[in-house]
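Everything on this sheet refers to the single structure shown next.
The values are calculated or read from the model by the stated rules, or taken from the named source; none is laboratory data. Source: prediction; values computed, not measured. No Cβ is skipped: glycine too gets one built from the backbone with ideal geometry, and neighbour counts run over all protein chains shown. Side chains included, ligands, DNA and RNA excluded: accessible areas come from the protein's heavy atoms. Shrake-Rupley method; radii C 1.70, N 1.55, O 1.52, S 1.80 Å.
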Amino acid sequence: MPFLQSPPGLGNQYEEDFALRSYLSRALPAGVMAEVEPSLRFMGERAGGELHRLQLADRLNEPVLTQWDAWGNRADRVEPTALWKRAERLAAEQGVVATAYERRHGVHSRVHQFALAYLFAPSTDMYSCPLAMTDGAARALIAAGNRKLIDRAVPRLTSRDPRRFWTSGQWMTEAAGGSDVGLAETTARQEGGRWRLYGRKWFTSAIGSQMALTLGRPEGNPAGGRGLALFYLETRDAQGTPNRILVHRLKDKLGTRKVPTAELTLEGTAAELVAGTGDGVRNIAPMLNITRAWNIVTACALMRRGLALARDYARRRFAFGAPLAEKPLHLDTLAGLQAEFLGALHLAFFVAELLGRSESGVASEEQEHLLRLVTPVAKLLTGRQAVAVLAEVIESFGGAGYVEDTGLPVLFRDAQVLPIWEGTTNVLALDALRALEAGGGMAALKREAGYLLQGLREPDLVRLSARVENTLEQAEAWLAAAEKAGTASLEAGARRFAMTLGRALSAALLARHAQWSLEHERDRRALAAAKRYAANGVRLLADVDAADSRLLGRDSLD
């Protein structure tokens, strides 16, 4: 008898996702749910059908850079893959960006939008990347209040017409700067009555976008972040000629290989100030908040895709006398991964809810503090969860998970970027500390956790509630002690502290939903998830001496 393994399959990714449907049923008013569900069902069908099939067929294709035309003229055109072309049209038509700005459902519009993005992202080879930057650019332009640029760009960035739809780049990373954007070396000069940019950008994703927001230092400005200004530029003129932008090469990356990421030089690129000649880092912050939210949702989406394939495969794969789906150890492994995914899912949509309230002008001051704190915490936690979960997913397929033409390894490779994009784990941990220094964040988090936990009646959830509240008390005590001990101790433990906050909040969100699901759906799966998530660990704080960290971290470098 020949050895045969059946490949895993996907159905409608909305209808098969009980966790998303359960969350939406609780979070959205019935009337809103009835209105948004057809769009989610449509996107789920595309994600599990047409787009997934095209994704597998398009596996070996990558974007192509053409630097010169046949007559020796600089062209610098990037041809995306077939899937990206289809994804662009579908994203525009289905309002994957536009939904957030049309606000047909008020504070719930962000939840609707991110549910669309969550279904869309795993089947489109990271086309979520340009959409995230597009969403962020629209938000940054609106926040800056530059009416000329708002009128010029925002209607295109939020259009449902594929012929009019624009995407945006976010050009911040330079070889000298990286996460420390204050080291950026791009200069801005006024020539002939307009601003022109000169410098090299080291990592510019989705280079095919029609516009970009970037940082540059006007001549005469001081060094550091305050001396940078935020600029708007269009990549080509009306005739399609590059705006004095030279694309040197596309990056040869571990993952996200379908995303055309370029090294480029600005050689007098025409640009416009977005909001004054300084404070560019502050002015681009609204864009970063949005792109981080997209990163969180994309992490959840990739985890969900891996688990959907793994569960379907477990029903098909027959080994040692039975399907894997009947093997207790295999089921236990998948259960642990599912709990991590569900914790991330509820945390992601908690951020979406806060963002929707903030943009609708109904968020309280405390909710604004909470959004400022939870966004970096959720981003750093879910990015790391995605890598860990998808590593286990690959292993759950055995050797097939290691073979490229199964389409499985790309999930793991692409996930590796999620802890890096929009701020690494350490950068975001320090950002969370800054959010707390700004005031109100820790108190807001504790009060929110108390609100989430107040209605629990199931005994297991009541015990979990006490554990969450105790963890947050311990985290607050650790913070006070670390601040007293000095900067070295505070920074050395910042990662463990931030992840503890994230896991405690995730556990509280899971518990709240589990109680609701028991009462309204008579379903114990959410309860099982809350218990398993807590068993995986909530408190990650440790009494680590900063001097020991320096000693072990340096090892033989000195």
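Residues are listed down the side, and each one gets a yes or a no for (1) of a type in the set (A, V, I, L, M, F, W, C); (2) part of a helix (DSSP H, G or I); (3) surrounded by 23 or more Cβ atoms within 10 Å (Cβ to Cβ); (4) over 26 Å from the mean Cα position of the chain (by Cα):
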site	(1), (2), (3), (4)
E263	no, no, no, no
L288	yes, yes, no, no
N295	no, yes, yes, no
R304	no, yes, yes, no
A352	yes, yes, yes, no
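Could you tell me whether the stretch 389-400 includes any residue that is out of contact with any strand residue (DSSP E or B) (no Cβ under 9 Å at 6 or more places or on another chain), open to solvent by 20 Å² or more (accessible area, probe 1.4 Å), among the β-branched types (V, I, T) and not in a helix (DSSP H, G or I)?
No.
Could you list all residues from the stretch 176-198 that are open to solvent by 20 Å² or more (accessible area, probe 1.4 Å), assigned to a strand (DSSP E or B) and under 20 Å from N283 (Cβ atoms)?
Hits for the stretch 176-198 are T187, R189, Q190, R194, W195, R196.
Could you check the stretch 141-188 and list, in sequence order, the residues that are over 27 Å from G423 (Cβ atoms) and out of contact with any Gly (no Cβ under 8 Å at 6 or more places or on another chain)?
Within the stretch 141-188, R147, K148, D151, R152, P155, R156, S159, D161, P162, R163, R164, F165 qualify.
Does the stretch 272-305 hold any residues that are at pLDDT below 95 and either closer than 26 Å to I394 by Cα or basic (K, R) (or both), and which are they?
R282
Looking at this structure, is L119 assigned to a helix (DSSP H, G or I), more than 25 Å from V351 (Cα to Cα), touching a helix residue (DSSP H, G or I) at 6+ places or on another chain (Cβ under 8 Å) and not aromatic (F, W, Y)?
no
Please determine, by comparing only the residues of the stretch 487-531 that are open to solvent by 20 Å² or more (accessible area, probe 1.4 Å) and under 21 Å from the mean Cα position of the chain (by Cα), which one is farthest from G450 (Cα to Cα).
Looking at residues that are open to solvent by 20 Å² or more (accessible area, probe 1.4 Å) and under 21 Å from the mean Cα position of the chain (by Cα), I get R495.
Restricting to the stretch 74-88, name every residue that is in a loop (DSSP other than H, G, I, E, B) and within 14 Å of C129 (Cα to Cα).
P80
Applying the selection to the stretch 154-170, what residues are touching a residue at least 60 places away in the same chain (Cβ under 8 Å), hydrophobic (A, V, I, L, M, F, W, C) and closer than 19 Å to L230 by Cβ?
Answer for the stretch 154-170, where residues must be touching a residue at least 60 places away in the same chain (Cβ under 8 Å), hydrophobic (A, V, I, L, M, F, W, C) and closer than 19 Å to L230 by Cβ: just L157.
For every residue, the table says whether it meets (1) open to solvent by less than 10 Å² (accessible area, probe 1.4 Å); (2) of a type in the set (V, I, T).
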{"position": "L83", "(1), (2)": "yes, no"}
{"position": "V96", "(1), (2)": "yes, yes"}
{"position": "L141", "(1), (2)": "yes, no"}
{"position": "W166", "(1), (2)": "no, no"}
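When the residues of the stretch 232-255 are narrowed to those that are of a type in the set (D, E, K, R) and in a strand (DSSP E or B), which ends up least open to solvent (accessible area, probe 1.4 Å)?
E234
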